[in-house]
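These notes concern the structure reproduced below.
The values are calculated or read from the model by the stated rules, or taken from the named source; none is laboratory data. These numbers come from a predicted model, not from an experiment. So basically every Cβ, Gly included, is an ideal-geometry build from the backbone, and we count neighbours across all protein chains shown.
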Amino acid sequence: MRSHIVAALVLGPFFAGSVAFAQERTPSPPGAEVYIISPKDGAIVHSPVLVQFGLKGMGVAPAGVKYDNTGHHHLLIDTDPPADQSTPLPATDKIVHFGKGQTETTLNLAPGKHTLQLVLADANHIPHSPPVISKKITITVKP
Ligand SMILES: [Cu+2]
């Protein structure tokens, strides 16, 4: 029994350290929050749509710039965050990077319902740990 306790004390920190190293995730501070200021969830809007990004407890830095408790915005349009958040977010027409540190954008959206969600990610486009992801909102674009 006693030897088991000793093994746990010795190996516990070792495993915790190696997991953190393998993932190379940038930590986010407690309470960090990203959110969509505008449009509001459920809004009925005309295209083009001005989307404004809000961030609490962290700062915005351009892609490639490493500075504690910062990141840049990624807007997910009609898609979910990738299941594996330990790798850089891809850049697609549905995952838009704002690597210059932008905090708003204007979208041309087809009429109908669309979902929008923000993900903050680090200098290498990898979501923080724990990830800083907004609520997903749904808007309707009028014809
Ligand atoms: Cu990015």
Out of (1) under 11 Å from Leu75 (Cβ atoms); (2) touching a Pro at 6+ places or on another chain (Cβ under 8 Å); (3) not in a strand (DSSP E or B), the one Val119 does not meet is (3)
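Considering Asn108, Asn69, which residue is more than 16 Å from the ligand (Cβ to nearest atom) and more than 27 Å from Ile139 (Cβ to Cβ)?
Working: Asn108 fails: more than 27 Å from Ile139 (Cβ to Cβ).
Sole residue among the options that is more than 16 Å from the ligand (Cβ to nearest atom) and more than 27 Å from Ile139 (Cβ to Cβ): Asn69.
Look through Lys100, Lys113 and report the one residue that is in a strand (DSSP E or B) and touching a residue at least 24 places away in the same chain (Cβ under 8 Å). Outline the logic, then answer.
Details: Lys100 fails: in a strand (DSSP E or B).
Only one candidate qualifies: Lys113.
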Report task. Please tell me if Arg25 is at pLDDT below 95 and surrounded by 13 or more Cβ atoms within 10 Å (Cβ to Cβ). Result -> yes
Sole miss for Asp84 among (1) touching a residue at least 12 places away in the same chain (Cβ under 8 Å); (2) more than 11 Å from Leu120 (Cβ to Cβ); (3) away from the ligand (no atom under 15 Å from the Cβ); (4) not polar (S, T, N, Q) is condition (1)
Out of (1) small (Gly, Ala, Ser); (2) more than 20 Å from Leu109 (Cβ to Cβ); (3) touching a residue at least 60 places away in the same chain (Cβ under 8 Å); (4) in contact with a Pro (Cβ under 9 Å, 6 or more places away or on another chain), the one Ser47 does not meet is (2)
Condition set surrounded by 15 or more Cβ atoms within 10 Å (Cβ to Cβ) and farther than 18 Å from Pro39 by Cα, scope the range 72-81, selection farthest from the ligand (Cβ to nearest atom): answer is Pro81
